[in-house]
Amino acid sequence: MCPASLSPVGQRFGPLSRKAFIYAPEGDPLSGDVVSALKTEWSFLPVRSPEDLLKANRRNTVYLGLLCLGKNGIQDARQFFADVPDKSVRWIALLEQGVPEQRDIMRLVSEHCFDFHRTPIDLDRLRIIMGHVHGMACLKALEHNADMADDHPPEFDMVGSSPAMLDCFRNIRKISGVDACVLITGESGTGKELVARAIHERSKRAKGPFVTLNCGAIPSNLIQSELFGYERGAFTGAHARKIGYIEAANHGTIMLDEIGDMPFELQVNLLRVLQFGKIQRVGGSPEISVDVRIIAATHIDLEKACKEGRFREDLYYRLNVLRISLPPLRERGSDIGLIAQYFFRRFSADYSPDLKGFSPESMEAIQSYSWPGNVRELINKVKSAVLMSDGPYIVPHDLQLDGNRMASRPQGKTLREIREHVEKEALQAALQKFGNNVSRASQELEITRTTFYELLKKHNIIL
């Protein structure tokens, strides 16, 4: 799913189904009456939390929801809509008598529902409302899916329902409304550019340009001219004025990918842009005002780079106003299989429509692999498997996974031995993640530094 939608569970829109979510307080009689009366026409999926909705949407494509609201439960319903990440579902409120007069409920319905119906329930009228809202939601979804197919390749999809990704989606929505610098951290291949695009597309700068520059892919002697542009005659070969990346992003957003690879001596020039909103083209004397939001991304530890003198502290603090940290794929649990299934559907529809899916053995291999290249590697492996598979199902051989990178299983026969093994692996993973920074590793595991050192000694782990 493209960054503009940020639906946590990506999927193609399949045949239109008569399914609907139903949200109701515990023991609510109204929901039971509706389900009983319409059970032959609709399949109702009860949800009580955003997590319930996500789980249900993994196996179903649902566009309609019924919200049963009595005099109690308004706070629970408000929290539900505050946290629910999927905005593709259109809700109809079923209201008990006297409830619509309550201001809080009126506001909730107006903000989150497309229609409402009061008790006593008129089944014929409710059928018409549900049919109309469901039909319009399906048409909108199909139209949106067609636009996505035209405008975005599959690699622009963000898919996930793990707690870490739900937290990421919430942060994107919060950050998008604040016009400040953003620092996105995470390993290569975790989707940093997708997050930057999602932030831009939800910001007040959405109508402006979105420009990306990979600071690690440009020779150091060219970065300044690429960033700020140059005047004619500024150097040999400068036959005409050239607008730099920052000026090209005026009134929009520029993403500086791999900002940690920017040469130290050039970082002060970027600091001036952040402080004063001005640039100076190479070979030019006048300063040019620019209105641009900077989103920086990196896979390295900038705090460590500052301590080692490889990155300016003042620039780091200017960039690190708002921050999003993306987890590596190996830490996203069930998201791994979810992403694999999602991109299988996308690629098989285009290249191998007769393929039925993954064999159980290949799904086990996917879940067990450590994915050093993260989501980017998973997408490429799935695409290659779809193209190269000879049978009705993708088998482990089709995925071409490195056996040496299969995640190790807990070793030992007794519960104590298994615990010891998992404990040691957790310590090593935390140290690797934070570059042997004991303070941050102990915070990650929610233990004290003293306990952390004791465990290191216990497992003979040497820093």
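The values are calculated or read from the model by the stated rules, or taken from the named source; none is laboratory data. Because the structure is predicted, anything quoted here is derived from the model rather than measured. Glycine also receives a Cβ, built like all others from the backbone with ideal geometry; neighbour counts cover every protein chain displayed.
Below are the figures for this structure:
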item	result
Residue within segment 402-417 that is closer than 30 Å to ASP350 by Cα, modelled with pLDDT of 75 or more and not β-branched (Val, Ile, Thr) present	yes
Odd one out for ARG323, checked against (1) outside any helix (DSSP H, G or I); (2) crowded, with 19+ Cβ neighbours inside 10 Å	(2)
Candidates GLY373, GLY357, GLY309, filtered to the one that is within 22 Å of GLU258 (Cα to Cα) and more than 24 Å from the chain's Cα centre (by Cα)	GLY309
Search result, residues across segment 254-274 that are within 18 Å of ILE288 (Cβ to Cβ) and touching a residue at least 12 places away in the same chain (Cβ under 8 Å)	ILE254, LEU266, VAL268, ASN269, LEU270, LEU271, VAL273, LEU274
Any pair with Cβ under 9 angstrom, 6 or more apart, that starts in segment 303-319 at a residue that is farther than 16 Å from VAL273 by Cβ and not assigned by TED's automatic domain parsing to the domain that holds GLY277 and ends at one that is surrounded by fewer than 16 Cβ atoms within 10 Å (Cβ to Cβ) and of a type in the set (Ser, Thr, Tyr)	none
Test for GLY189: is it assigned by TED's automatic domain parsing to the domain that holds VAL273, in a loop (DSSP other than H, G, I, E, B) and at pLDDT below 90	no
HIS144 vs. criteria modelled with pLDDT of 75 or more, under 23 Å from ARG170 (Cα atoms), touching a Phe, Trp or Tyr at 6+ places or on another chain (Cβ under 9 Å) and not assigned by TED's automatic domain parsing to the domain that holds ASN171	no
Test result for TYR230, in contact with a Lys or Arg (Cβ under 8 Å, 6 or more places away or on another chain) and among the hydroxyl-bearing types (Ser, Thr, Tyr)	yes
Answer from PRO263, PRO209 - the residue that is surrounded by fewer than 17 Cβ atoms within 10 Å (Cβ to Cβ), in contact with a helix residue (DSSP H, G or I) (Cβ under 6 Å, 6 or more places away or on another chain) and in the same structural domain as LYS192 (by TED's automatic domain parsing)	PRO263
Subset of segment 346-366 [surrounded by 17 or more Cβ atoms within 10 Å (Cβ to Cβ) and aromatic (Phe, Trp, Tyr)]	PHE347, PHE358
